[in-house]
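The values are calculated or read from the model by the stated rules, or taken from the named source; none is laboratory data. Computed from a predicted model, the values in this text were never measured in an experiment. Heads up, the Cβs are rebuilt from the backbone with ideal geometry, glycines too, and the neighbour counts pull from every protein chain shown.
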Amino acid sequence: MITTILKAAATTAGCDQVFYESKDLANVITDQALQGNIFCLIIQPDSVRLEVKGNGIRDHFPAHVVEIMQQVKLEDTAENNEVVYANLLEIAKKLIWALIETQSFTKIATVNAVKIPETKYDFNPIGWSLTLDLIPIENDNQC
């Protein structure tokens, strides 16, 4: 459910392509990104904590990692890259706002954004890695 909401929010924010994979396969999948496109990589959590409360069980996933990236040329100057970083940060903010507008989560806490260096993946993208701690609103009656 959360992955579907994240994908819709990324598209609304302006991402041309959205991929989601486990962290072990992320480098393989991102090679499919097209030159010049802004894309989003949703790294799916690989664990879950089942919280028993009252007469129900709540799934509590760890924070989701969403990376907003764009491929750059190796010969680009730092000034060019800073413009790309600034544009991608605005898209990251739009993604967070799109998540808020879904009203699907109890709260969205402060989001940490870390720059993605060109060396992280094989195809020279730069961008922002966002850590999103999302707790979905669930209205399930368990009788």
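Which of the residues belonging to segment 30-42 are surrounded by 14 or more Cβ atoms within 10 Å (Cβ to Cβ), at pLDDT below 90 and not polar (S, T, N, Q)? Answer for segment 30-42, where residues must be surrounded by 14 or more Cβ atoms within 10 Å (Cβ to Cβ), at pLDDT below 90 and not polar (S, T, N, Q): ALA33, PHE39. Take ALA13 and tell me if it is over 14 Å from TYR121 (Cα atoms), in contact with a helix residue (DSSP H, G or I) (Cβ under 6 Å, 6 or more places away or on another chain) and either surrounded by 14 or more Cβ atoms within 10 Å (Cβ to Cβ) or at pLDDT 80 or above (or both). So ALA13 fits the description; yes.
Here LEU132 meets the list (1) farther than 30 Å from ASN55 by Cβ; (2) among the hydrophobic types (A, V, I, L, M, F, W, C); (3) at pLDDT 80 or above almost entirely, failing just condition (1).
Restricting attention to segment 56-70, does a residue exist that is more than 25 Å from ALA9 (Cα to Cα) and out of contact with any His (no Cβ under 6 Å at 6 or more places or on another chain)? Yes, because at least one residue in segment 56-70 is more than 25 Å from ALA9 (Cα to Cα) and out of contact with any His (no Cβ under 6 Å at 6 or more places or on another chain). Report the residue count in segment 85-139 for those that are more than 26 Å from SER47 (Cα to Cα) and of a type in the set (A, V, I, L, M). Looking only at that region, the number is 5.
Among the residues of segment 56-65, none qualifies, meaning not one is hydrophobic (A, V, I, L, M, F, W, C), touching a Phe, Trp or Tyr at 6+ places or on another chain (Cβ under 6 Å), under 22 Å from VAL111 (Cβ atoms) and surrounded by 14 or more Cβ atoms within 10 Å (Cβ to Cβ).
Among residues of segment 79-107 that are among the aromatic types (Phe, Trp, Tyr), those with a Cβ under 8 angstrom from a residue that is surrounded by fewer than 16 Cβ atoms within 10 Å (Cβ to Cβ), sequence gap 6+ or separate chain, pair up as TYR85/LYS115; PHE105/PRO136; PHE105/ILE137.
Looking at segment 17-24, can you tell me whether even one residue there is touching an Asp or Glu at 6+ places or on another chain (Cβ under 7 Å), closer than 28 Å to GLN103 by Cα, at pLDDT 75 or above and part of a strand (DSSP E or B)? Checked against the condition, which is being touching an Asp or Glu at 6+ places or on another chain (Cβ under 7 Å), closer than 28 Å to GLN103 by Cα, at pLDDT 75 or above and part of a strand (DSSP E or B), segment 17-24 yields no hits at all.
Checked against (1) under 19 Å from CYS40 (Cα atoms); (2) assigned to a loop (DSSP other than H, G, I, E, B); (3) of a type in the set (A, V, I, L, M, F, W, C), LEU74 passes all but a single condition, namely (1).
Taking the criterion of being surrounded by 14 or more Cβ atoms within 10 Å (Cβ to Cβ), in a loop (DSSP other than H, G, I, E, B), modelled with pLDDT under 90 and of a type outside the set (S, T, N, Q), the residues of segment 99-127 that qualify are GLU118, LYS120, TYR121, PHE123. Every listed requirement among (1) touching a strand residue (DSSP E or B) at 6+ places or on another chain (Cβ under 6 Å); (2) of a type in the set (S, T, N, Q); (3) over 19 Å from LEU6 (Cα atoms) is met by GLN70 save one, (3).
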